[in-house]
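Working notes, structure below.
The values are calculated or read from the model by the stated rules, or taken from the named source; none is laboratory data. For clarity, every value in this text was computed on a predicted model and none was experimentally measured. We place every Cβ from the backbone using ideal geometry, glycine too, and count neighbours over all the protein chains shown.
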Amino acid sequence: MRKETFGWMLVLPSFMYLMGVIVVPWIYSIYLSFTNLSYTSPGIVSFVWDTNFIKMFDDPKIYASIGKTAMIMVPAIVLQMLFGLFIAWGLYTLGTSAKVRILTTIYVLPIVMSSSVIALTWYFILHSEYGVLTYLLRSFGLLKGVSVWSDPNLVIFGYVLVDTWQWLPFVTLLFWAGMNAIPRDLVESANVDGAKGFYFFRKVIFPSILPLFAVVLLLRGMDTFKIIDPIIIITYGGPGDASETLHFFNYREAFRLWNIGYASTIGLFIFFVVEIACALYVKFFMAKYVYGG
């Protein structure tokens with residue numbers, strides 16, 4: 001058997017899996033986006049062409065859900081990137097002793113926990129009657145309502161806390177690994193020249209991990225944009241529609257209102273938004289400011 005044939009045989013199972021789980025459903029969703037399929041209205045499915053797209057761009061709930069997604073996404077990413085950098089810098093200055101390794105092992109535990117467990121944990125931390133953080137917020141006069149989860153003005157803040165608590169260790173771990181990968185001769189040369197403290201971080205550490213910073217920012221941006229698990233578990237888009245993000249709106253249209261054609265259109269819109277945003281980010285930020293292209 002030739003090497004090329006053997007190689008294709010090894011790749012074939014993965015290729016078939018990708019086709020069956022990703023490519024075929026994606027193509028089928030494109031087909032559905034041009035139909036009026038709805039399980040609440042029995043009848044013959046027919047093509048409606050651009051009707052769903054016109055409806056989507058005229059739907060004020062779409063723009064409201066995009067705004068709520070951004071209100072969670074932007075603060076969460078800013079907090080995770082900033083605190084992740086400085087916590088990683090603190091761990092880097094402590095070295096790689098056994099105590100530091102034990103500390104980092106405990107610190108990254110939220111990464112291995114399921115989203116449902118984390119969502120339920122934070123639901124009880126901010127519970128209206130026996131939530132620890134709710135009690136502290138009331139003690140300092142920062143909470144006027146029953147709880148964060150029942151306050152339309154604070155519920156977004158709650159989800160920022162949930163996402164940051166879960167993924168800050170992930171960001172920190174990547175930055176810490178990047179800092180420890182900096183060549184020792186570069187670090188020693190900077191130390192000999194007298195670079196210390198924040199000046200050392202700004203002139204040596206951060207420029208060295210800037211490509212990693214750009215990649216982590218891209219990964220967290222994509223992941224935070226699709227936040228949905230804690231929203232379904234804790235408030236289900238509430239109170240009212242105060243936490244109805246874009247992905248939750250799409251989920252509700254598909255699996256609660258059963259408007260499959262319209263939901264497929266929204267899903268296609270989300271796909272292209274993510275693709276275009278990532279392409280622009282890579283072209284104009286990573287290529288120009290990170291890799292000097």
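Among all positions in segment 161-170, there is at least one residue which is more than 27 Å from E244 (Cβ to Cβ) and in a helix (DSSP H, G or I).
Would you check which residues across segment 77-98 are exposed (fewer than 15 other Cβ atoms within 10 Å of the Cβ) and either of a type outside the set (V, I, T) or under 21 Å from V215 (Cβ atoms) (or both) and list them?
Matches in segment 77-98: V78, L82, F83, F86, G90, L94, G95, S97, A98.
Would you check if V74 is closer than 27 Å to E253 by Cβ and touching a Phe, Trp or Tyr at 6+ places or on another chain (Cβ under 9 Å)? Before you say what the answer is, go through the steps one by one.
Details: closer than 27 Å to E253 by Cβ: yes; touching a Phe, Trp or Tyr at 6+ places or on another chain (Cβ under 9 Å): no.
For V74, the condition - closer than 27 Å to E253 by Cβ and touching a Phe, Trp or Tyr at 6+ places or on another chain (Cβ under 9 Å) - is not met.
When we screen K226, K144 for residues that are within 29 Å of T245 (Cβ to Cβ), loosely packed, with under 13 Cβ neighbours inside 10 Å and either of a type in the set (K, R) or in contact with a Ser or Thr (Cβ under 7 Å, 6 or more places away or on another chain) (or both), the only hit is K144.
Suppose we filter V162, V215 for residues that are more than 27 Å from V117 (Cα to Cα) and β-branched (V, I, T); which single one remains?
Numbers: V162 fails: more than 27 Å from V117 (Cα to Cα).
Matching residue, one of V162, V215: V215.
Please verify whether segment 61-76 includes one or more residues that are surrounded by 13 or more Cβ atoms within 10 Å (Cβ to Cβ) and assigned to a loop (DSSP other than H, G, I, E, B). Taking every residue of segment 61-76 in turn, none turns out to be surrounded by 13 or more Cβ atoms within 10 Å (Cβ to Cβ) and assigned to a loop (DSSP other than H, G, I, E, B).
Residues in segment 206-231 that are of a type in the set (A, V, I, L, M), in contact (Cβ under 8 Å) with a residue 60 or more places away in the chain and out of contact with any Leu (no Cβ under 9 Å at 6 or more places or on another chain): L210, A214, L217, L218, I227, I231.
Candidates W149, W167: the one that is surrounded by 13 or more Cβ atoms within 10 Å (Cβ to Cβ) and within 30 Å of L212 (Cα to Cα) is W167. Of everything listed in (1) of a type outside the set (S, T, Y); (2) within 20 Å of the chain's Cα centre (by Cα); (3) under 26 Å from K61 (Cα atoms), the single unmet condition for F255 is (2).
Checked against (1) within 23 Å of W167 (Cα to Cα); (2) surrounded by 14 or more Cβ atoms within 10 Å (Cβ to Cβ), Y262 passes all but a single condition, namely (1).
Looking at T121, is it of a type in the set (S, T, N, Q) and either modelled with pLDDT under 90 or over 30 Å from T235 (Cα atoms) (or both)? Taking the combined requirement at face value, the residue does not satisfy it.
Results for (1) among the charged types (D, E, K, R); (2) closer than 30 Å to P211 by Cβ; (3) touching a Pro at 6+ places or on another chain (Cβ under 6 Å), shown as yes or no for each residue.
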site: G131; (1), (2), (3): no, no, no
site: R138; (1), (2), (3): yes, no, no
site: F157; (1), (2), (3): no, no, no
site: L161; (1), (2), (3): no, yes, no
site: A181; (1), (2), (3): no, yes, no
site: R184; (1), (2), (3): yes, yes, no
site: G197; (1), (2), (3): no, yes, no
site: F200; (1), (2), (3): no, yes, no
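Each residue in segment 31-46 was checked for being small (G, A, S) and in a helix (DSSP H, G or I), and 1 pass.
Taking residues in segment 25-53 that are without any contact (Cβ under 8 Å) to a residue 24 or more places away in the chain and surrounded by fewer than 11 Cβ atoms within 10 Å (Cβ to Cβ), and partners anywhere that are part of a loop (DSSP other than H, G, I, E, B) and among the acidic types (D, E), not one pair has Cβ atoms closer than 8 Å while being at least 6 places apart or on different chains.
Can you pull out every residue in segment 15-36 that is in contact with a helix residue (DSSP H, G or I) (Cβ under 6 Å, 6 or more places away or on another chain) and closer than 13 Å to G267 by Cβ?
Scanning segment 15-36 gives S29, L32, S33.
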